[in-house]
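Below is one structure, written out as structure tokens; the observations come after it.
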Amino acid sequence: MNVEVTPLPGIGTRQDFMIRAGRRVGVVTHRDGKFELIVSHQDDPDGCAASIALTPSEASTLAGLLGSPQLVAHLEEQHREVAGISTKQFPIVPGSRFDGSPLAETELRTRTGASIVAVVRAGSVHPSPRPDFVFAGGDLVVVVGTSDGLTAAAELLGGG
Amino acid sequence: MHNTAIALIQLGAVFFGLGLLGKMAWRIGISPIPLYLIGGLAFGQGGLVPLHGIEEFSHISSEIGVILLLLLLGLEYSAAELMTGLKRSWTAGVVDIVLNATPGVIAALVLGWGPVGALAMGGVTYISSSGIIAKVLGDLGRLGNRETPVVLSVLVFEDLAMAVYLPILTAVLAGVSFVGGLTAVGVSLAAITVVLVIALKFGRYVSALVDSPDPEVFLLKVLGSALLVAGVASQLQVSAAVGAFLLGIAISGSTAENATRMLEPLRDLFAAMFFVVFGLNTDPASIPPVLGWAVALAVVTTLTKVATGWWAARRQGIGRMGRARAGAALVARGEFSIVIASLTVASGAVDGELAALATAYVLLMAVLGPVAARVVEPLAQKFTRMRGTAPAPA
């Protein structure tokens, strides 16, 4: 991807790129550490349809949200060599059975043979969560296992 | 009442009043500068309520205001940024000077203010207000726009032009004889060259000298060095403001960022005082006679700035809408036009009418600038639509 970096004297830098839909998407980084997410107009690529101020923590959350599918894809890639094993992600629905309960309570490995390798929360990844890791609504649980194991895990995690 | 008590009450009333004016200004989407000027006009000679007992303080604080305005302007850029900006945008910069200084020069010559007045008025109509423009671009969410770097690099060029122009202006204003003026210009140009070289090669030493991890020590060192340099510069006939500007350029990196963050509120406070004092010293009765000229200059220089921005943006391959936005963004004049006018008037070399014309002109342009930047898009869209629906010539 061809990211264009443009200095904005006295303000900071603009980094953006053209997406296939013909719009520019990017970030203006202010010198004082503030961010702005920018999206250009459909019919006027010079101008911005939206320019959204983000605090550093909001920016990293957004980056995580956009980046976490890639992490899952990466994990999947790692386990592809082992025949019969794949990776899937399941959401913890807010208010569901495991919302607020520790990982150990799912007894996932015992009951399905699949294991939890990571939890993605608010865009940031918690790799290899320990049994005392407490789930919260909206978490994405990344599970590795056989296809039967994953089906069982889906039932267990989603069906609660 | 005790003298100190009266002074405190007056000062408090002035600051509080300015606060209210500033809040009102940003709420209706214009810059507070014209309101500060009007505030000053209202209280000064011939105004509603004359102030007594705070003249000395207001005079000194307005001087500090100018010093901080230019120090922070210098802090905005590193010398390297100025140099690359200069290389990239000098053609647009030259077009900018020619188009926008000329109306002021012509007006001054026609009004009979001579070459010195022409030099000053040229500066007043030339220099855009980087303060207003940066704020408006941020407010309108245009920092990510493609034409914005064009606008900013024109501003960088203008600021660099100011670094050369202000010492020349002060030298000319101070120079009684032609030879004396020429010597002063030579001295100030040499001083700028030395500072730019120091800033480019040894900027980090200057930064290290004022830097400190302790905020209190840092603030005292930055402010102290700025006032010292400004004082020495003014003793050497290179205006105090220019000295502060050059110091600002020499300070770079994280030191400059910290200094900017720390000094910004101080600048806003003292600069507000500067505008008020400028307004105080201008007799409101002197404005109506020059109002016609101010309006004419406002109309002409709005068009010439739009043309400058349009031209500069087109050279960078920006579309029509972006060119219009770039042009309209550059329209605002403000703090530096007033700085130029106040230097000129303080020297006594030019008619006091210049202050009146500059005030009226800045009043118009500081309001017109943000408004132009706002309305340009809907206007341009309407215009394109009208052209789009017009029947094609057979």
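Derivation of every value follows stated rules applied to the coordinates shown; laboratory data play no part. The shown structure was predicted, so the numbers you read here are calculated from the model rather than taken from an experiment. Here the Cβ is made from the backbone with ideal geometry for all residues, glycine too, and neighbour counts use every protein chain on show.
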Inset, instruction - Quantify how strongly other chains surround peptide B:70-77 by giving the mean number of their Cβ atoms within 10 Å of each of its Cβ atoms. - result: 1
Legend entry - Per-residue ³J(HN,Hα) for the range B:122-127, Karplus 6.51 cos²θ - 1.76 cosθ + 1.60, θ = phi - 60°, Hz, x for Gly and Pro: x, x, 4, 7, 6, 7
Legend entry - Max mean-square fluctuation residue, GNM over chain B, Cα-Cα springs under 10 Å, options B:S225, B:S62, B:S337: B:S225
Legend entry - Residue-averaged 222 nm ellipticity for the protein assembly as shown, from DSSP H runs of 4+ at -39500 (n - 2.57), nearest 500: -22500 deg cm²/dmol
Inset, instruction - Considering only B:Q381, B:Q316, B:Q235, give the residue with the highest GNM mean-square fluctuation for chain B, with springs between Cα atoms whenever their separation is below 10 Å. - result: B:Q381
Legend entry - Amide N proximity, the range B:248-279 versus B:A208 label position 7 Å along Cα-to-Cβ, cut-off under 20 Å: B:248-259
Legend entry - Average beta carbon contacts from partner chains per residue of B:146-154, 10 Å cutoff: 4
Legend entry - the range B:83-141: Rg to Rh, with Rh as the Kirkwood radius over Cα pairs: 1.12
Inset, instruction - In a Gaussian network model over chain B where Cα atoms closer than 10 Å are linked, find which of B:S212, B:S128, B:S153 has the largest mean-square fluctuation. - result: B:S212
Inset, instruction - Please work out the C-alpha center-to-center distance from the range A:120-160 to the range B:206-224 and express it in whole Å. - result: 52 Å
Inset, instruction - Lys and Arg at +1, Asp and Glu at -1: add these up for the other residues within a Cβ distance under 9 Å of A:T29 and post the number. - result: +2
Inset, instruction - Quote the Stokes-Einstein diffusion coefficient, in whole µm² s⁻¹, for the range A:1-98, based on the Kirkwood radius over alpha carbon pairs, a temperature of 20 °C and a viscosity of 1.002 mPa s. - result: 131 µm²/s
Legend entry - Integer Hz, Karplus 6.51/-1.76/1.60 couplings in order for the range B:343-353, x for Gly and Pro: 4, 5, 5, 4, 6, x, 7, 10, 3, x, 4
Inset, instruction - Would you tell me the mean number of C-beta atoms belonging to other protein chains that fall within 10 Å of each C-beta in A:2-13, as a whole number? - result: 5
Inset, instruction - Could you work out how far apart the two model spin labels at B:V295 and B:A13 are, taking each label as a point 7 Å from the Cα in the direction of the beta carbon, and quote it in nm? - result: 3.4 nm
Legend entry - Helix axis angle, A:56-79 relative to chain A longest principal axis, alpha carbon, degrees: 50 degrees
Inset, instruction - Rounded to the nearest Å, what's the spacing between the alpha carbon centres of the range B:58-127 and the range A:64-109? Just the number, please. - result: 61 Å
